[in-house]
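Values quoted throughout were computed directly from the atomic coordinates according to the rules given, and no laboratory measurement underlies them. The structure presented is a predicted model; accordingly, all values stated were derived computationally and were not measured. Quick reminder, even Gly has a Cβ in these numbers, built from the backbone with ideal geometry, and neighbours come from all protein chains shown.
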Amino acid sequence: MNETVEKIELRNLRMDDYEELKTIMVAAYTMRPGAYWKEHHIQKLINVFPQGQIALTVNDIVVGCALTIMVDYSRFGDEHTYKQVTGNYTFSTHSENGDVLYGVEVFIRPEYRGMRMGRRLYDARKELCEALNLKAIVFGGRIPKYHEYADQFSPKEFISRVRGKEIYDPVLTFQLANDFHVKKILTDYLPGDKESKDYAVLMQWDNIYHTQSTNNINRKKTFVRLGLIQWQMRLYKSFEDVIEQVEFFVDAVSAYKTDFALFPEFFNAPLMAAYNDLSESNAIRELAQYTQAFKEKFSELAVAYNTNIITGSMPELIDNDLYNVGYLCRRDGTVDKFVKIHVTPDESRAWGLKGGNEIQTYDTDCGKIGILICYDVEFPELSRLLADEGMQILFVPFLTDTQNGYSRVRHCAQARAIENECYVAIAGSVGNLPKVHNMDIQYARSVVFTPCDFAFPTDGVKSEATPNTEMIVIADVDLDDLKDLHEFGSVRNLKDRRSDVYKVVRQ
């Protein structure tokens, strides 16, 4: 695939997508040439269950699709065929009162395979299952590699060896990796599937949030998983070496299905070692030449690993002036820039950095967030403006050399969580850079702070790293707890402000 991925979107399938959809199906159904869903099939699915038909687009072009129906599973049980569960391919078996989301089909345009596109469709199905309060997702999965081993292993033994990673099956391996479990082996599920020898594996994913009652008391909470990277400063030979370490950490946090990955301020400073013969101000301007490449690579990783990345910060030249900037690289391929507003006296003296002028929040698929770089969090007016715009999570990439500096960032960040009734995540670097002027030693302890009320930890600390140790921090935060706090908290900092006496205004 040579096309640059600029935007990825999940949306409901439309009938005007059909020609693009047909192209994908023809390319995907190599085992059954000519056997693709006709226009009237897709029309029926959209008519009876529009929210269950999910399209995945890249740059506004459909590249994948997931088709589903809701069924009363007791009508079929575990012994059924594809023809039976789809009502002889008419989808008359769909029921608005069904208790199971049944997977009809998932397909991805071949050239987009290997980019975790299928995982996005599976995750979208899970979210739909939870939103509809259904018990489970069920489908019959193919085992296309089985024909290569049929003379050696029974289907049961084949599945066991795939589960044990002795054999790789592109379908079954993927489904197991996406938290589906094997219920049983089906025979004659999809006649004519020669690769699977007419066998299929009945797969199920259980909705742990399912409740018998759907009233407000039992409503589903909205959880967001944060991944903080406590980065070790070390010397790197090249840009590629730094990116290798970056991808290692993105891979590590995404393995826990994080929604956000946060890197520290000036994480890429080790690359200045190559310019240590220059003045400090010239060395950091050389470092700024890498920033665009870092942004592009971070955006690729956000898409590939399906996690929103806050890139920490890097120097960037804008009209020959030097700024401290970072990027929010969303997992849908879109990118936003943020700029440090307040530069420290040392940043101004040694590097000639200038402060930015833009203050804003960012909409993401996991709520509204704000981003402030290090020193900025020590100015409460900034986060108050962001809170007024509905900020739920504040991310703070930082770089501090002493415990004194770290304590300023830490305590100010924790205060922002309390006064603005939001979560605050801070991530910094540890170690030292003896061959880089003006970097010296770094001290950090990355933390996720919460407000201090009954729904949160008593000390307002959700999770924190070991000081001065390279590691990651994974923490779940509940956005619904913030909504409850705003209305019913022991104290209500946002609602009780005396705006008749004082206020913070944007210039």
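Observations
- Against the main long axis of the alpha-carbon atoms of the chain, helix 291-304 sits at an angle near 30°.
- J(HN,Hα) series, the stretch 329-337, from Karplus relation 6.51 cos²θ - 1.76 cosθ + 1.60, nearest Hz, glycine and proline x: 9, 7, 6, 8, x, 7, 9, 10, 9
- For the stretch 244-307, dividing the convex hull volume of the Cα atoms by the residue count gives 77 Å³ per residue.
- Ordering Val501, Val242, Val63, Val48 by the number of other Cβ atoms within 10 Å of each residue's own Cβ, fewest first, gives Val501, Val48, Val242, Val63.
- Using θ = phi - 60° in the Karplus curve 6.51 cos²θ - 1.76 cosθ + 1.60, the 3J(HN,Hα) couplings for the stretch 44-50 round to 5, 4, 5, 5, 8, 8, x Hz; x is entered for Gly and Pro.
- Centroid-to-centroid separation of the stretch 238-281 and the stretch 287-328 [C-alpha atoms, Å]: 10
- Working note: Debye formula, equal point scatterers on the alpha-carbon atoms of the chain, no solvent; log10 I(q)/I(0) at q = 0.07, 0.08, 0.10 Å⁻¹ is -0.47, -0.60, -0.87.
- Divide the volume of the convex hull around the Cα atoms of the stretch 332-436 by the residue count and you get 126 Å³ per residue.
- Sparse-neighbour loop sites [trypsin sites (Lys or Arg not before Pro); the stretch 339-379; at most 14 other C-beta within 10 Å; DSSP]: none
- Ordered by the count of other Cβ atoms within 10 Å of each Cβ, fewest first, Leu190, Leu67, Leu134 give Leu190, Leu134, Leu67.
- Taking Cα centre as origin and charging only the Cβ of basic (Lys, Arg, +1) and acidic (Asp, Glu, -1) residues, the dipole magnitude of the chain rounds to 860 debye.
- Taking the C-alpha atoms only, the angle from helix 239-254 to the longest principal axis of the chain is near 60 degrees.
- Each of Ser463, Leu317, Thr402 was placed along the dipole of the stretch 224-488 (beta-carbon charges, centred on the mean Cα), and the one lying farthest toward the positive end is Thr402.
- Each Cα pair of the stretch 452-507 feeds into the Kirkwood radius, which the Stokes-Einstein equation turns, at 25 °C and 0.890 mPa s, into a diffusion coefficient of 171 µm²/s.
- Shape call, the stretch 121-238: gyration tensor on alpha carbons, a/c limit 1.5: oblate
- D (Stokes-Einstein, µm²/s), Kirkwood Cα radius, the stretch 224-488, 0.692 mPa s at 37 °C: 180
- Likely footprinting exposure, Tyr423, Tyr327, fewest C-beta neighbours within 10 Å first: Tyr327, Tyr423
- Sparse-neighbour loop sites [trypsin sites (Lys or Arg not before Pro); the stretch 406-504; at most 12 other C-beta within 10 Å; DSSP]: Lys435, Lys495, Arg498, Lys503
- Principal-axis tilt of helix 479-488 within the chain, Cα atoms, nearest 10 degrees: 60
- Overall form of the stretch 149-299 per C-alpha gyration tensor (a/c, 1.5; a/b vs b/c): oblate
- Across the stretch 8-215 the C-alpha pair distances fall into 10 Å bins from zero in the proportions 8, 34, 40, 16, 2, 0 percent.
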